[in-house]
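The values are calculated or read from the model by the stated rules, or taken from the named source; none is laboratory data. What you see is a predicted model; the values in this text were computed from it and never measured. So basically every Cβ, Gly included, is an ideal-geometry build from the backbone, and we count neighbours across all protein chains shown. For the accessible areas, the whole protein counts, side chains as well, though only heavy atoms, and no ligand, DNA or RNA atoms are used. Shrake-Rupley method; radii C 1.70, N 1.55, O 1.52, S 1.80 Å.
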Amino acid sequence: MTTELVPSGHPTALPPANSGFWGRLPVLKQLRQSVGLQRGMLVAGLAITAVFLLVAAFAPLIAPYGFAQLRDDAGPFGAQQPPSAAHIMGTTVGGYDVFSRVIWGTQTAVLVIVVAVVFSIFIGILLGLVSGYLGGWLDRVLVVIGDAVYAFPSLLLAIVLSIVISGGQSSLWGGIFAAALSITVVFIPQYYRVIRAETIRIKAEPYVESAKMLGASAPRIMFRHVLRNATRTLPIIFTLNSSEALLTLAGLGFLGFGIEPTAAAEWGYDLNKALSDVTSGIWWTALYPGLAIVLAVLGITLVGESLNDLADPRLRTRRRAKVRTATAAATTAASTTAGPASAPAANTEEKA
Amino acid sequence: MNDVVEITDLSISFATDGGTVRAVDGVSLTVRKGEVLAIVGESGSGKSVTAKSILGLLPETATTEGAVLLASRDGSHTNDIISLSPSQLREVRGTDVSMVFQEPSTALNPVFTVGWQIAEGLRAHGKVSKAEARREAIEILRKVGIPEPEVRVDHYPHQFSGGQKQRIVIAAALVLNPGLIVADEPTTALDVTVQAEILDLLRRLRDEFGTAIVLITHNMGVVADLADRVVVMYQGLVVEEADVKTLFASPQDPYTERLLDAVPRIGQGRVHTAEREAARAVAREARAAVGESALAPVVEASHLTIDYPGRFGRKGFRAVDDVSFRIAPGEVLGLVGESGSGKTTIGRALGGLTRITGGSLTVHGFEMLGFSERRFKPLRADIGFVFQDPAASFNPLLTIADAVAEPLVIHGRAESPRDARRRVDELLEAVQLPRSFGDRFPHELSGGQRQRASLARGIALEPSLLIADEPTSALDVSVQARVLELFAELQREFGFAALFISHDLAVVDLLADRIAVLYRGRLVEEGTGAEVLDHPSDPYTRRLIASLPVPDPVEQAARRAELASIQADSRGR
Amino acid sequence: MTTGLLPSDATTSAAPARRSAGGGLGRYLLVRFLLIFPTIFILVTLVFLLMRTIGDPITAAQGGRLTADQLAERISAAGYDRPVLVQYFEYLGQIFTGNFGNTISDNRPVTEVLLTYGGATLELAFYALIVAFIVGIPLGMLAASLRDRAPDAFLRIFAILCYATPVFFAGLLLKLVFSVWLQWLPVAGRASTRTELAMQTLPNKTGIYLIDSIMLGSPTAIGDVLSHAVLPGIALGLLTAGVFLRLVRTNVIGTLGTDYVDAARSRGVSEFRLVRKHAYRPALIPIITVIGLQIALLLGGAVLTETTFEWKGLGFQLAGYLAARDFVAVQGIVALLAVFVALTNFVVDVIAAVIDPRVRY
C-alpha cells in the first residue's frame, strides 16, 4: 500500500487518531498536544479557572460573612476598617466585609458568564450557519447589522440594554439577567461572525460540494457537514467571551449599572464605591475586588489563548527534537531493523 | 576542487506529535561544478529536506547529523553548513548558494516591488546604493527574460503572470551569482507550456553562467529534460545514483524501475481504447436489438457558454465560450487544458454546481439551462463524481463508511449509514480497500487510499455518468498509476460514461476514448487519442504536446528541438 | 468589550482577500463609503428602539419629582405621547440635520455637549494610542521573533494581564501608587485650575488641552497638562497595548512562516530584517483592519477611564447623565458615538486598502 511520511516538519493539524474518549474531549485533547510553555500556560489557566469555579461553588462555606452583612454579634463592622483578624481584607465604605464580598462575587460572575454565553452561543451559531450557508439578501442584511453592532463599543450597548432591561437598578436575578442579556446581545454578532466565516469557508470545501453533487438537502448539509466542522473553534470563543463577559459586567457595575449590594456581591460595584477611598490612601477596598477580576479573567484568557494557539497550526509549538545523541541512537536502532522494504508497514501502523 | 557540494552521511530527524520521524537517513551525494543534479522521489522521500539542508533552511524541529560541505563561489574554501553559526550561514546564503521555490506566487512578498525584493539580496551582503541596486535588479530581470525590465522593476508581484513570477524568483536567487542554485520543484505549480520555458531558462543558467543546479522534482519528464545526473531517493535513503542517460536506459534499483514504469506516456492507452471501442460496439448492437436508442448521448453540449458575473458592476468573466461536445453511453471523454481553460467549470456545470448562461447542455436529456435543483435531484443518483483533492473531499468528522454511504442514504437506498454497511463493504472491496478501512477517519488514510474511497463513493449508486476532476493530480506517480488502473477497471466493469478532466495529456490518453482540448474557454480540438495526439491540427495543441517532457532524455532532446521550431514558428506568424 | 482576541481577527488572509475581490481602489472606496450609511442607520435605530421600549424619557428622569399631571403635560409638550413610528421618523430627520436632541437634566443640545467635551475624549484616546503603539507594536515584533522563548512567554503574560485588568482598576492602582503614595502625579482632572483658567482666556480654544496649552505658550501649562495625562493615558493605553501586542505577534508569526520570508532568508537577509521588513509589512494590513475595530474598545475604555480620573470628557458626561437617568442625553451621545465609530472604521479601512499594493494597482 502507499505510504506518505509526514512532510517536512508540518504534521497534519488534525487530531491524533484513536486516542480514546478522554483524548477527544476538547480541552483534554489540547492538553495532551501541548508542550513546553504552551502547556504551562494552559495548565496555569486551567488551575486558576478551577479555583475560581470552586470558590464560586463553595462561597457559602468560605466566606465568613454574608455579602450584605453589616454587623455580627460583636456589633457593626464599621466603615473603611483596615485589614484585621476579624476582617482580613478590611471593610468597605458601606461597612461590608471586603473578603466576604470578594468570595461571594465569584458566584455572581459565574452566573452571568454562564447565562450570557449560553444565550449568545445558540443564537449566534444558528444565525451564522444559516446566513453563511444560504447567503443572499438575508446574509447581506445580517452582515451589515452584525458588523455595525460588532464595531460599536460593547460597553455602551450593554449600558443601553441594562437600562432597557432593568431600568438601571436591580435585584439579584434581575441584575444577573440584565447584565447577562446585555452581554448576550453584544456577543451574538461575535459568534455570528466567526461561525459565518467558518461556514463560508467550509461551504467551498470539496466535501460539501460533493454532498451537494449527491443531492443532499440544504438542512442535511448544514447540520451533518457544516455545523460540526464550523464549531471546532467554539471552545476558544467560549473562553475568550467569558472573560469579556466578566469585564463587561465589571464595567457595568463600575458605572453604577450593576447589582445592588444588598442583592448580590459584584466586584465592579465595589470598585466604583472604592473610587473615592483611593484618593485618601485606603487601598484595601479597591485592591482585592480588582485582583479578583484580574485573576478570573487571566485564568480564563490563558485557557482561551492556549486553545487558540493549539488550534492554529501556525501558532502551535511543536516538540523540538531531543538532544542529538539520544534521538540518533534510538532512530538508528529503529532504522537498521526496518529497511525501506519494511518501512511502509511501520508507517501505516503509525497512521492507524 | 570540482565539487560545489559534498554531502556525507546526512541524517535529518523531525520531532512530530507521533514521535521522532527520520526524514533523511545517511544520504551522501555530490554536486559538480556547472552540472544539474536532479534529486527525484515521491512525497516523503526526503528530497526537499536534503536540498534545504544545503542552505541550512530546516525548521527548528529538525535535528541534523553528518556533513554538508559547500564550496564558496570562487572555490577558494568550503564551509560545513551544519556547523556554521547563524551569522556565517547568512553570509553563505545568497552568495554561495541560493534557492528557487515551488510556488512562485507565495515566494514573492506581495507588498514590496519585485525590484526591492531582488535588491534585498544585494543589501544583505554589503552596502549598495539605491541606484546601483536598481540597476542590478533591472539587469538581472533582463537576463531572466522579463520584457521591459526598466518599467517592470517597480511593479508588484500580483502584476505578473505565474511564469513571469517564477522568472523573478530565479532572478532574485541569481542576483549575487551564486555557484549553486537549489530549485525545489520549480515547475510543479506551472502549466506545461510555461514549464518548458522555465526549464529552458534553468538550462541557460547552467550553460551560460556555469551555475550548478540541484533540481528537486517528482516529474521524470523534467528530469529527462534538464538533468545531467540523477539521485533517486526513497523513504529517506538514496537508492540509486547515475547519469541521466544510464538511469533511464537501464535502471538498477527495483524502485527506480517501478517509478519509471509508473510514469504515463503518450500512446500507452491506444490498445485499451481500441478494446473499449469494440466492447461498446457490441453493447450498442445489444441495445439496438432490444429497441433502445443506441445513439442518445449521456451528455450533449452545444454552443455552451458559462459566464461568471462581475462584482460591483465590473465586467464578468467568460469561463467557457461556445463549446460543443457529446459523450456517448459508456464512453470516456478526456478534457485537457491548462489552468484557466474552463475545464473544471464544465465539470461543475455537468454536476449542477455551476449554472450555465448560454447555449445548451443536456445531461441524461435534462436541459441545464434554467436549472432547477428540485427537478434535477432525482437525476443526481445517476451521476457520480471524484474530486481532485482526496484530502478535502471527505468530511473529516465522518468515517469512510459513513461517507461512502451518504449517496445511498440521500437517495433512499438505505435508511441509515449502518443499514448501508453491507453495500459499503462491497464497494470498498471493489476499489481494493480492506473492509476495516470503513471504520477509519479520512485523515487516517493515505492520499491514494482516500482517492479509492472517493471512487467507491462515486460509483455507490452505479451511475451511468462519472465526472472525475483531476482525480490523480494530487497523488504520487506510483500511486497515480494504480488509481488510474483501478479507474479503468471500474469503468470496464460498470460501463459508465465518464468526463475525465486533467491537465496531463499522458494521463488523459491512458484512459480516454476521445480527447477534447480546451484553451481559454474554447474547445480548440477534439477527436480520438490517435487523432489529437499524433496529428494535432490546432497550433495550441501542437505546442501543448511538444511542451510535455517525455521521460526519456534522448527522445526529449529531440522533442526540445521540435518545440523550439514550433515556438519560432508561432512567433514568426 | 470588543477586543480583537477572537480567532477570526487573527487570520492574515481574510482582509486582503476580501478586498482584492472588489476590484479597483476607487470602486472599493466608493462601496466602503456607501456602507457607512446603513451602519449609522442601524445603530441609531437600534439605540432609539431600545431606549423607547422602556417608556418615555421624562418619566424616567423626573418620575419621582413631579405630579402625574405635570408629567403628562411635559410628556405631551415634548411629543413623547405620539406613536413611536412618528417619533422615530422625526428623530431620523433630526439626526440627518445634525440635531441629536436636548438633554433633559440641563437642557443643552447634545451636539453642544459633544463639541464641549469631545475634544477631551479625543485627547485621551490620542495619548492612549501613543502608549499602545509604542508599547504594543515593537514588543509584538519582539515576541514574534523570539517565539516560544522566555521573553516571548513573559511578553504574552504581560499582554494578557494588560487585557485582563479592567481599565478602572489599573487606573485606581496607578493613582494609588503614583498620586497618593509617591505624590508624583496629580490625582485626577485634565489640568490644574490655574492652567484651566488661563486657557479659558484663549480667543480660539480647541478644548484639546495639549493644543491649548501650546497656544498659551507657557511651559508650565504644557507640563501641567502632560502630567495630568500620564496616568489616564497609560491606564487606557496599556489595555490597547495588550491587544496590539498579541495582534502583532500572531500576524507576524503567520507571515514569518510564509515562503517569501523563507525566500528572503535563503538570500541571506538577517533575521532582524526579516521580522522588521519582510514579515511585518504584509502583516500590517490585517493589523490595521483590526486596529480599526479597537476604536470601539478604546471608546468603551475611555468612558471608564474618564470616570476613574474625573477626566471631563464625553465619557465622564455620559456617566453623569446615566446617573441622572437622563436617557435623551444618553441616547444622543451614544448615537453620536455611533456616527464617529462608523466614520473612523471607514478611514481605517481606507488606509488599509491604500497601503495594500494588491488593491492600489
All helices (runs of 4 or more DSSP H) inside region B:167-278 with 3 or more residues being open to solvent by less than 10 Å² (accessible area, probe 1.4 Å), over 30 Å from residue B:485 (Cα atoms) and in contact (Cβ under 8 Å) with a residue 40 or more places away in the chain | B:192-204
Search result, residues across region B:60-77 that are more than 19 Å from residue B:100 (Cβ to Cβ) and of a type outside the set (S, T, N, Q) | B:60, B:62, B:65, B:66, B:67, B:69, B:71, B:74, B:75, B:77
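Yes/no matrix, rows are residues, columns are (1) facing chain A (nearest Cβ under 9 Å); (2) part of a helix (DSSP H, G or I); (3) among the aliphatic types (A, V, I, L, M); (4) surrounded by fewer than 24 Cβ atoms within 10 Å (Cβ to Cβ):
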{"residue": "C:273", "(1), (2), (3), (4)": "no, yes, no, yes"}
{"residue": "C:276", "(1), (2), (3), (4)": "no, yes, no, yes"}
{"residue": "C:300", "(1), (2), (3), (4)": "yes, yes, no, no"}
{"residue": "C:312", "(1), (2), (3), (4)": "no, no, no, yes"}
{"residue": "C:322", "(1), (2), (3), (4)": "yes, yes, yes, yes"}
{"residue": "C:338", "(1), (2), (3), (4)": "yes, yes, yes, no"}
Hey, does region B:511-527 have a residue that's out of contact with any strand residue (DSSP E or B) (no Cβ under 7 Å at 6 or more places or on another chain) and more than 14 Å from chain A (Cβ to nearest Cβ)?
-> yes
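Residues checked against (1) under 30 Å from residue B:107 (Cα atoms); (2) open to solvent by 10 Å² or more (accessible area, probe 1.4 Å); (3) within 13 Å of the chain's Cα centre (by Cα); (4) touching a residue at least 24 places away in the same chain (Cβ under 8 Å):
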site: C:235; (1), (2), (3), (4): no, no, no, yes
site: C:245; (1), (2), (3), (4): yes, no, no, yes
site: C:250; (1), (2), (3), (4): yes, no, no, yes
site: C:285; (1), (2), (3), (4): yes, no, no, yes
site: C:289; (1), (2), (3), (4): yes, yes, no, yes
site: C:292; (1), (2), (3), (4): yes, no, yes, yes
site: C:304; (1), (2), (3), (4): no, no, yes, yes
site: C:317; (1), (2), (3), (4): no, yes, no, yes
Would you tally the residues in region B:384-396 being open to solvent by 10 Å² or more (accessible area, probe 1.4 Å) and closer than 22 Å to residue B:488 by Cβ?
-> 3
Identity of the residue in region C:129-146, buried (at least 18 other Cβ atoms within 10 Å of the Cβ) and within 14 Å of chain A (Cβ to nearest Cβ), that ends up farthest from residue C:231 (Cα to Cα) | C:144
Only one residue in B:433, B:484, B:490 is in a helix (DSSP H, G or I), over 20 Å from residue B:350 (Cβ atoms) and open to solvent by less than 10 Å² (accessible area, probe 1.4 Å), so which one is that?
-> B:484
Could you grab me the full set of residues in region A:237-246 that are in contact with a Leu (Cβ under 9 Å, 6 or more places away or on another chain) and either open to solvent by less than 10 Å² (accessible area, probe 1.4 Å) or at the interface with chain C (Cβ under 7 Å from one of its Cβ atoms) (or both)?
-> A:237, A:240, A:241, A:243, A:244
From the list B:407, B:417, B:378, pick out the single residue that is within 30 Å of residue B:503 (Cα to Cα) and either surrounded by fewer than 17 Cβ atoms within 10 Å (Cβ to Cβ) or touching a residue at least 12 places away in the same chain (Cβ under 8 Å) (or both).
-> B:407
For residues that are part of a helix (DSSP H, G or I) and facing chain C (nearest Cβ under 10 Å), scanning just region A:33-55, find the one that is farthest from residue C:161 (Cα to Cα).
-> A:36
Answer yes or no: is there a residue in region B:517-531 that is farther than 26 Å from residue B:225 by Cβ, small (Gly, Ala, Ser) and buried (at least 20 other Cβ atoms within 10 Å of the Cβ).
-> yes
Find the residue count for region A:259-287, including only residues that are of a type in the set (Ser, Thr, Tyr), surrounded by fewer than 21 Cβ atoms within 10 Å (Cβ to Cβ) and away from chain C (no Cβ under 11 Å).
-> 1
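Conditions (1) within 10 Å of another protein chain (Cβ to nearest Cβ); (2) closer than 30 Å to residue B:387 by Cα, marked per residue:
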| site | (1), (2) |
| --- | --- |
| A:122 | no, no |
| A:139 | no, yes |
| A:145 | yes, no |
| A:158 | yes, no |
| A:185 | yes, no |
| A:200 | no, yes |
Scanning for something open to solvent by less than 10 Å² (accessible area, probe 1.4 Å), away from chain A (no Cβ under 14 Å) and either without any contact (Cβ under 8 Å) to a residue 24 or more places away in the chain or of a type outside the set (Gly, Ala, Ser) (or both), does region B:452-464 turn up at least one residue?
-> no
Within the group C:122, C:92, which residue is at pLDDT 80 or above and over 24 Å from the mean Cα position of the chain (by Cα)?
-> C:92
In region B:74-128, which residue that is more than 9 Å from chain C (Cβ to nearest Cβ) and of a type in the set (Asp, Glu) is farthest from the chain's Cα centre (by Cα)?
-> B:74
Restrict the check to region B:56-71 and report whether at least one residue is within 14 Å of chain C (Cβ to nearest Cβ), open to solvent by less than 20 Å² (accessible area, probe 1.4 Å) and within 27 Å of residue B:195 (Cβ to Cβ).
-> yes
Name, by its number, the condition in (1) within 28 Å of residue B:75 (Cβ to Cβ); (2) in contact with a strand residue (DSSP E or B) (Cβ under 6 Å, 6 or more places away or on another chain); (3) open to solvent by 20 Å² or more (accessible area, probe 1.4 Å); (4) not acidic (Asp, Glu) that does not hold for residue B:102.
-> (1)
When (1) more than 12 Å from chain B (Cβ to nearest Cβ); (2) open to solvent by 10 Å² or more (accessible area, probe 1.4 Å) are applied to residue A:218, the one that fails is (1)
Taking strands (runs of 3 or more DSSP E) that fall entirely within region B:309-409, which contain at least 3 residues that are within 14 Å of chain A (Cβ to nearest Cβ)?
-> B:383-386
Please verify whether region C:180-192 includes one or more residues that are away from chain A (no Cβ under 11 Å) and either part of a helix (DSSP H, G or I) or acidic (Asp, Glu) (or both).
-> no
Among (1) more than 20 Å from residue C:305 (Cβ to Cβ); (2) without any contact (Cβ under 8 Å) to a residue 60 or more places away in the chain - the single one residue C:206 does not satisfy = (2)
So is residue B:363 surrounded by 16 or more Cβ atoms within 10 Å (Cβ to Cβ), in contact with a Leu (Cβ under 9 Å, 6 or more places away or on another chain) and not assigned by TED's automatic domain parsing to the domain that holds residue B:318 or not?
-> no
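A quick yes/no check of all residues on (1) touching a residue at least 60 places away in the same chain (Cβ under 8 Å); (2) outside any loop (DSSP other than H, G, I, E, B); (3) more than 27 Å from the chain's Cα centre (by Cα):
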{"position": "A:230", "(1), (2), (3)": "yes, yes, no"}
{"position": "A:251", "(1), (2), (3)": "yes, yes, no"}
{"position": "A:268", "(1), (2), (3)": "no, yes, no"}
{"position": "A:282", "(1), (2), (3)": "yes, no, yes"}
